[in-house]
Amino acid sequence: VTAHSPYVVEGSVSVAEGATLHILPGVVVRFAPGAEGIVVKDGTLVARGSQERRVVFTSGSERPAPGDFKSAVRFEAKAGQTSLLEHVTVEHAAVGLKVASGGLEVLHAEVAGNLQGGIEVSDTGVLKLSQSRIAGHKSGGGVTVQGFGRAALRGNRIHDNAWAVVNYSGKTRKRVNVMPA
């Protein structure tokens, strides 16, 4: 509920099998220093903000800085199970978003100012990233793909990172579509 925002996560929040966590427009989720973040384990996360009222994942520290908490959201879902982040801002994590398994679709997001990287896709994770800005990750990649992870990138602005896109994926057929800003 937006009226109770901001929400503070001290350790971690797990989204279990069969559960769906909906985060409404305008909600701010603050993570305490060192917090794990939201872990989507065989559940689903739908964080759908709007252009005027974004969903914000940020530090709960009095002096926010990159790396204050581990990650805003880590996905460990079943293959074919997809979560959605739309009109969200992710900042001040070690790594903004991690997709180890399952799928994540990200639209109109701002993933910026995290310590080690913006989005990491690993193991069997699948990422669809569109119309988003990934910036300000001085120590790592805007988007990093490894293991058997897959990513489709369309119409994004990926800039001001140590590396824009890093692909260590074991997939033999690699497709990364990066369009200029």
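Contact order for the chain, expressed relative to its length and based on alpha carbon pairs under 8 Å spaced 6+ residues apart, stands at 14 percent.
The magnitude of the dipole of the chain, with charges of +1 and -1 set on the Cβ of Lys/Arg and Asp/Glu and taken from the Cα centre, is near 640 debye. Pairs of Lys residues in the chain that lie 8 or more places apart, or on two chains, and have C-alpha atoms under 20 angstrom apart add up to 15. Across region 35-45, rounded Karplus estimates of 3J(HN,Hα) from the backbone phi angles (6.51 cos²θ - 1.76 cosθ + 1.60, θ = phi - 60°) give 4, 6, x, 8, 10, 8, 10, 6, x, 9, 10 Hz, Gly and Pro being marked x.
Would you mind telling me the share, in percent, of accessible area of region 1-159 contributed by carbon and sulfur at probe 1.4 angstrom? Of all accessible area on region 1-159, carbon and sulfur atoms account for 49 percent.
Note that region 22-177 presents 43 Å² accessible area per residue, ligands and nucleic acids not counted, probe 1.4 Å. Only Lys, Arg, Asp and Glu carry charge here, each on its Cβ (+1 for the first two, -1 for the last two); on that basis region 1-97 has a dipole of about 120 debye about its Cα centre.
The values are calculated or read from the model by the stated rules, or taken from the named source; none is laboratory data. Remember, predicted model here, so these are calculated numbers, not experimental data. Heads up, the Cβs are rebuilt from the backbone with ideal geometry, glycines too, and the neighbour counts pull from every protein chain shown. Only protein heavy atoms, including side chains, enter the accessible area calculation; ligands, DNA and RNA are left aside. Shrake-Rupley method; radii C 1.70, N 1.55, O 1.52, S 1.80 Å.
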